[in-house]
1. Just name one of 203, 257, 302: the one whose Cα is farthest towards the positive end of the charge dipole of the range 165-310 (beta-carbon charges, Lys/Arg +1, Asp/Glu -1).
2. From the gyration tensor of the Cα coordinates in the range 165-310, what semi-axes in whole Å does the equivalent ellipsoid have, largest first, with each one equal to sqrt(5λ)?
3. So for the pair residue 84, residue 246, with labels modelled 7 Å out along Cα→Cβ, what separation do we get in nm?
4. Can you work out the PRE-style zone for residue 231? Point 7 Å along Cα to Cβ, and I want the residues of the range 159-186 with backbone N under 17 Å.
5. Among rounded, prolate and oblate, which fits the range 204-270 when a ≥ b ≥ c are the square roots of the eigenvalues of its C-alpha gyration tensor, a/c under 1.5 means rounded, and a/b larger than b/c means prolate?
6. 7 Å from Cα along Cα→Cβ at both residue 190 and residue 156: what's the point-to-point distance in nm?
7. Which value at 222 nm does the chain reach when only helices count, each DSSP H run of 4 or more adding -39,500 (n - 2.57), with the total divided by all residues and rounded to the nearest 500 deg cm²/dmol?
8. Could you tell me the relative contact order of the chain? Use alpha-carbon pairs under 8 Å, at least six residues apart, and round to a whole percent.
Amino acid sequence: MATIGLIVNPAAGRDIRRLTGGASVVDNYAKRRVAECVCDGLTITGEPLEVLVMPDRTGIADHAVAEAPAEIDATTLELPIEESPADTRRAAARFREEADAAVVLGGDGTTRDAALELGDVPLIAVSTGTNNVVPSAVDGTVAGAAAALVATGTVSVEAVTTRHGTIEARAETPTGERRLTGLAAAEVSSQSFIGTRALLDPSDLRGGVVSQAHPGNIGLPAVAGSLEPLSPTDPGGVAVRLTDPEDAPRCVRAIVAPGVTATVGVASYDRLEPDESVSFDVPDGVVGADGERELELTDATVELTPVPDGPRLVDIDATLEAGARAGGFEIDAVDERQME
C-alpha cells in the first residue's frame, strides 16, 4: 500500500504581513477544508492508500483523519508538538523514511522546512501561507489526485518532478560560522533584530539571492522578476542589491508583501551560475530566508550561493496529464443491469 504524508501548518498565512497589508488571512477552518479535499483527491486512482498526518493543537489533523474517505487509511503521526517549525521538520523526517509522496499546506517557509527533511520524497506544495513563491495555488482535491498518481507509481516520478534549487547562506562572524538555507530566496536586511520574523518594510531590505523570479511573486523574487523573470527550472539564481530609490540607477514597482506594493531602488542585478557566490557585508543586520528574518548578525560577511538539486517538486499539471495518458482515471464499465 502506498503512503502519503500530509503536513498542514496551522500558523501559515496568518502572520503580521497579511494583517498590516490588509490581505486575507488563511484561517484554520480553510486549512481543514483544504486538508479534507486533499484526502478526497487521493481516491482518484481507486487504490487503497495510507495517509499519515502531522499532528497539531488546532484540530486540523484530527478533522482530516475523521473525515477521510473510507478507502483511505488515515492516521495521525505520534510526534511531540511544539507549535513551531520543528513540528514540520520532524514530520517531514518521518515521511522521508515512510512516505511515497508528501503534500504540504503552507507558504515558502513551511515548504522549505519540509523540503530540507524530505530528501527524494516527491513534494506537492499547496499555498496556504503568506509568501507563496514555490507552493501552487491549486485546489486541495487536485493536489491529492496528483499525490495519489505519483505515490502509486501510476506515473513516472522522474517524468513529472523537477529539482528546485535552494540558496545557501554562510555567515562569517566574529564568533564563528552560521548557516541558513532558503528555498525561493535568501535576503539581507538592515533591520538589527528578528522581532516578528516577517520582513515588513521594503526599505530595510538590502538585497539577496533568489532561485526564481517573476513579477507575480512576493518579496525579493518579485523585485528580481520585475526586471527579468527566472524560471524555477532555470539553473543558478539572481543576485539583487537594493538601495534608496532616490539614489538608484533603476527602480521597479513590485509586490513586496501581500496587499503591499512599493517602489524599490535596484543598485545591481546579476545572473548567477549554480554554485556561484556573492557576498554582502553586514555591519548590523539580519539574514532571512523566504521572507522571514532568521539570523541576527554584527560585523559579518554573508556569502549567498544558489545550489542545484534541491527538493523534488511535483508538477501537478504534468502529473494529471501523464495520469490520463496512462489510463490512471479509467475504471471498469458499470453494468446497468447489476444496478437495477
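1. Going by the charge dipole, the pick is 257.
2. Output for the range 165-310: semi-axes of 21, 18, 13 Å.
3. Spacing of the two 7 Å Cα→Cβ label points: 4.2 nm.
4. Backbone N within reach: 159-165.
5. Numbers: a/c = 2.02, a/b = 1.30, b/c = 1.56.
Oblate, since a/c reaches 1.5 and b/c is not below a/b.
6. 5.2 nm
7. On the way: 10 runs with 89 residues, N = 340.
Taking each H run of at least 4 residues, the total per residue is -7500 deg cm²/dmol.
8. Working: 895 pairs, mean separation 62.7, N = 340.
Relative contact order for the chain comes out at 18 percent.
Bear in mind that the values in this text are calculations on the coordinates, not laboratory data. Because the structure is a prediction, the values reported are computed rather than measured. We place every Cβ from the backbone using ideal geometry, glycine too, and count neighbours over all the protein chains shown.
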